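The values are calculated or read from the model by the stated rules, or taken from the named source; none is laboratory data. Fair warning: this is a prediction, and the values are worked out from it, not measured in the lab. All Cβ positions, even for glycine, are placed from backbone atoms using ideal geometry, and neighbour counts span all protein chains on display. Areas reflect the complete protein model, heavy atoms only, side chains present, ligands, DNA and RNA absent. Shrake-Rupley method; radii C 1.70, N 1.55, O 1.52, S 1.80 Å.
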Amino acid sequence: MKYSSRIEKLPPYLFADIDRKKKAAIDRGVDVISLGVGDPDHPTPPPIVKAGQEAMAKASNHQYPFGAGLMTFRKAITAWMEKRFGVKLDPASEIYSVIGSKEGLGHLPLAFIDPGQVVLVPDPAYPVYKNATLFAGGEPYLLPLKEERGFLPDLKSIPADVLKRARLLFLNYPNNPVAAVAPRAFLEEIVQFAKTNNIIVAYDNAYSEMYFEEPPLSFLQIPGAKDVGIEFHSLSKTYNMTGWRIGWVCGNADLVKGLAQIKDSVDSGAFQAIQEAGIAALTTTSTYVEEMRALYRKRRDVFVELMRKAGWTLPSPAATFYIWAHTPKGFSSTETAAKLLDEVGVVCTPGVGFGPSGEGYVRFALTVEDARLREAVARIAKVKWEK
């Protein structure tokens, strides 16, 4: 079977490959502890589930949803964005529901990128940014995220001929996989950069509520940001709703409209019952979010302390539920991940899977209970890192 050139350009999808290897180990009888994919291990809060169940029973929710989403959902988003960030949005023109932020991010380049145009993509990064660029016929230009720069891209390093063809910039803070947070000064620099170079900013803020110190910013809080960009939010990680597939895009009305035109052509909108569950998430569950933050903070502290005692070099991140750890000396990220799975049944994600600048790191997701997390580190500590 001959596949399209777009398919042939794509690398194997990182998390699908990890899942296959994990299942193969389980089939061999290995007691696997998975710290690979960032999928919350706690269930969706009961008020959200109840709202979804009740909405499922409504006949009015059984037809095509179409369009931007329920106005009640968009108004709930409007209120949440203003309360959380002080950002005011028009629910009629500046908000559009997406079937999980991944879907929205994946479709965005189709609205704004023509073949040959450049998309600026962080490296390492969530693989969807690069893959979506390739689907649209664009050229990804990788912006290395270096530890010595706080994992912020060096905009001044972009060659003039690349900037001339650049149309779109993806950014993600709090960041997956490196767990960095963007300071206000950097976001102000991004606004000026985008205006000067006529570049669209797509800001992925899926981890905005997964923080342990200061609450992260919204890109749209920065003066002038709405002139150049849009922001993606997801209910997946904040409310343990990864399987529900619901989120939104907001910001510049023309950019929202462009993405909407693509979505209207390829999907029929987010299931309305799930939108009603989303309203419950945004309006009734702040206590649950605080509890999850406390839970992940405890897991972070336990994991970092025990791993450092085991000789690993790793930071204590200010946000997300990820740990971006240096690989043992002399081992690549792929070798490290394979050795941990093969020898002690612990799954982590090789940093190079997120881009070339991820080499030398592995990512651990803190998505197992405390006892299993401690067991994972105890196993890791037994591994001999010799070649």
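Here are the numbers:
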item: Qualifying chymotrypsin sites (Phe, Trp or Tyr not before Pro) for region 344-387 [loop in DSSP, other Cβ within 10 Å: at most 15]; result: W385
item: Candidate aspartates and glutamates - alpha carbon under 14 Å from K23, same-chain residues fewer than 8 apart omitted; result: D31, D342
item: Stokes-Einstein translational diffusion, region 198-333 - Kirkwood Rh over all Cα pairs, 0.692 mPa s, 37 °C, in µm²/s; result: 187
item: Contact order normalised by residue count of the chain, Cα under 8 Å, 6+ apart, percent; result: 24
item: Set K88/K263; K83/K156; K226/K298; K2/K164; K9/K329; K237/K329 screened for pairs whose C-alpha atoms are more than 28 Å apart; result: K83/K156; K226/K298; K2/K164; K9/K329; K237/K329
item: Histogram of C-alpha separations across region 8-129, 5 Å bin width, %; result: 2, 7, 9, 14, 15, 16, 15, 12, 7, 3, 0
item: Whole-percent carbon and sulfur share, accessible surface of region 245-387, 1.4 Å; result: 51
item: 10 Å Cβ shell holding at most 16 others, DSSP loop, GluC sites (Glu not before Pro): longest site-free stretch of the chain; result: 1-212
item: Sequence of K226, K75, K58 from largest to smallest accessible area, 1.4 Å probe; result: K75, K58, K226
item: Average silhouette area of region 193-248, convex hull of alpha-carbon atoms, in square nanometres; result: 4.5
item: Whole-percent carbon and sulfur share, accessible surface of region 49-143, 1.4 Å; result: 58
item: Under the Debye formula (equal points on every Cα, no solvent term), log10 I(q)/I(0) of region 269-308 at q = 0.15, 0.30 Å⁻¹; result: -0.54, -0.90
item: Candidate residues F193, F303: accessible-area rank, largest first, probe 1.4 Å; result: F193, F303
item: Per residue, in Å², the accessible surface of the chain once ligands and nucleic acids are set aside, probe 1.4 Å; result: 43
item: Accessible area, probe 1.4 Å, largest first, for residues D154, D114; result: D114, D154
item: Distant alpha-carbon pairs in region 249-294 (separation over 11 angstrom), percent; result: 74
item: Hydrodynamic radius (Kirkwood) for region 124-256, which is based on Cα pairs only, to one decimal in Å; result: 15.5
item: The chain: Rg to Rh, with Rh as the Kirkwood radius over Cα pairs; result: 0.96
item: Over region 1-76: Rg over Rh, Cα atoms, Kirkwood Rh; result: 1.15
item: Over 17 Å [Cα-Cα, region 287-386], rounded percent; result: 49
item: Per residue Cα convex hull volume in Å³ - calculated over region 99-202; result: 94
item: Positive-end extreme of charge dipole, region 65-165 - chosen from P124, T78, F135 (charges on Cβ); result: T78
